[in-house]
Amino acid sequence: MSDILLQVRGLRAQYGQTKVLHGLDFDVKTGGITTILGANGAGKTTTLRAVCGMVQTQGEITLGGERIDGKATENIVRQGVAHVPDGRGTFLNFSVEENLRVGAYTRKDKAEVALDFERMYTYFPRLKERRKQQAGTLSGGEQQMLAVSRALMLRPRLLLLDEPSFGLAPLVVQELFEIFKAINQSDRISMLLVEQNASLALKLADHAYLLETGKVVISGTSESIRNDESVRRSYLGY
Ligand code: ATP
């Protein structure tokens, strides 16, 4: 099996006439966590949207050696890519349980799905307590936990996380990121994490890419990026 799960080469994306990504190259290793850092408007969200077929792209995107660029989102999801979008993407009028069931819609293995419900409730006990509650009535942190659980119910190979820390209290963020680490280690789910909180993301990820106006300007192991003088000054604040 190849060491690389997601390989992206020469990725360009645009909204109408507006070009946003200008030829990105990046990888996510099998079982690894890659983060894409960058300021507002650098193109991080668009990069995730490109991987799951939600924007018009050029360039090559391969998942497990198979081309997925140009495919419909539905097919990319079926190949094992789950997306936790910014703004979370839970169904606010559905209960916690119903949201999880929606997450498993591509799966036929009912017994395994039932086990995964329990697994999600083990990761996030608060969701179990609130399983009959409407998602719209949950706190911000609980909604983020639900969004992640819903995506995990797909049993993805690759989890795309868009700013999971956004708007959450520091303690909730810490708890969430510890769970990401646990999920990555125990379930071997690879992750592509987009974050404005660089110091947090670099603690979780093994590899990082820094985007500026749609281009990768620095890449490397998280440790090397953390020690980069310009990253420290501009993104880590020390
Ligand atoms: P943020 O952290 O603020 O979300 P980002 O790095 O995720 O920033 P993107 O959301 O990918 O950046 O946006 C990159 C550029 O694309 C921005 O200039 C933005 O204005 C533009 N853009 C994003 N979505 C659209 C859209 N639907 N139509 C037109 N332009 C868009």
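Structure values in brief
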| read-out | value |
| --- | --- |
| Yes/no for Glu60 being surrounded by fewer than 19 Cβ atoms within 10 Å (Cβ to Cβ), more than 14 Å from the chain's Cα centre (by Cα) and within 17 Å of Leu160 (Cβ to Cβ) | no |
| Residues of the range 193-235 that turn out to be more than 16 Å from the ligand (Cβ to nearest atom), surrounded by fewer than 17 Cβ atoms within 10 Å (Cβ to Cβ) and either at positive phi or part of a strand (DSSP E or B) (or both), as a count | 2 |
| Count of the range 173-209 residues which are at pLDDT below 95 and touching a Gly at 6+ places or on another chain (Cβ under 6 Å) | 1 |
| Val173 being of a type in the set (Val, Ile, Thr), surrounded by 15 or more Cβ atoms within 10 Å (Cβ to Cβ) and closer than 20 Å to Leu160 by Cβ | yes |
| Positions within the range 1-19 being over 25 Å from Arg188 (Cβ atoms) and surrounded by fewer than 20 Cβ atoms within 10 Å (Cβ to Cβ), in sequence order | Gly10, Arg12, Gln14, Tyr15, Gly16, Gln17, Thr18, Lys19 |
| Whichever residue in the range 103-114 is surrounded by 13 or more Cβ atoms within 10 Å (Cβ to Cβ) and among the hydrophobic types (A, V, I, L, M, F, W, C) and, among such residues, is farthest from Glu142 (Cα to Cα) | Val113 |
| Helices (runs of 4 or more DSSP H) completely within the range 80-192 that count 1 or more residues being within 25 Å of Ala50 (Cα to Cα) and either away from the ligand (no atom under 16 Å from the Cβ) or touching a helix residue (DSSP H, G or I) at 6+ places or on another chain (Cβ under 7 Å) (or both) | 96-103, 140-152, 170-187 |
| Where Phe26 falls short, out of the listed (1) under 21 Å from Phe166 (Cα atoms); (2) surrounded by 18 or more Cβ atoms within 10 Å (Cβ to Cβ) | (1) |
| Filtered residues of the range 10-28 (kept if touching a residue at least 40 places away in the same chain (Cβ under 8 Å) and more than 19 Å from the chain's Cα centre (by Cα)) | Gly10, Arg12, Gln14, Tyr15, Lys19, Val20, His22, Gly23 |
| Total residues in the range 56-79, condition within 14 Å of the ligand (Cβ to nearest atom) and more than 26 Å from Asp3 (Cβ to Cβ) | 1 |
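Residue-by-condition table, conditions (1) closer than 19 Å to Ile183 by Cβ; (2) in contact with a Phe, Trp or Tyr (Cβ under 6 Å, 6 or more places away or on another chain); (3) surrounded by fewer than 15 Cβ atoms within 10 Å (Cβ to Cβ); (4) in contact (Cβ under 8 Å) with a residue 40 or more places away in the chain:
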site	(1), (2), (3), (4)
Asp116	yes, no, no, no
Arg130	no, no, no, no
Met145	yes, yes, no, no
Ala151	yes, no, no, yes
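The values are calculated or read from the model by the stated rules, or taken from the named source; none is laboratory data. This one's a predicted model, so the numbers in the text were calculated from it and none came from an experiment. No Cβ is skipped: glycine too gets one built from the backbone with ideal geometry, and neighbour counts run over all protein chains shown.
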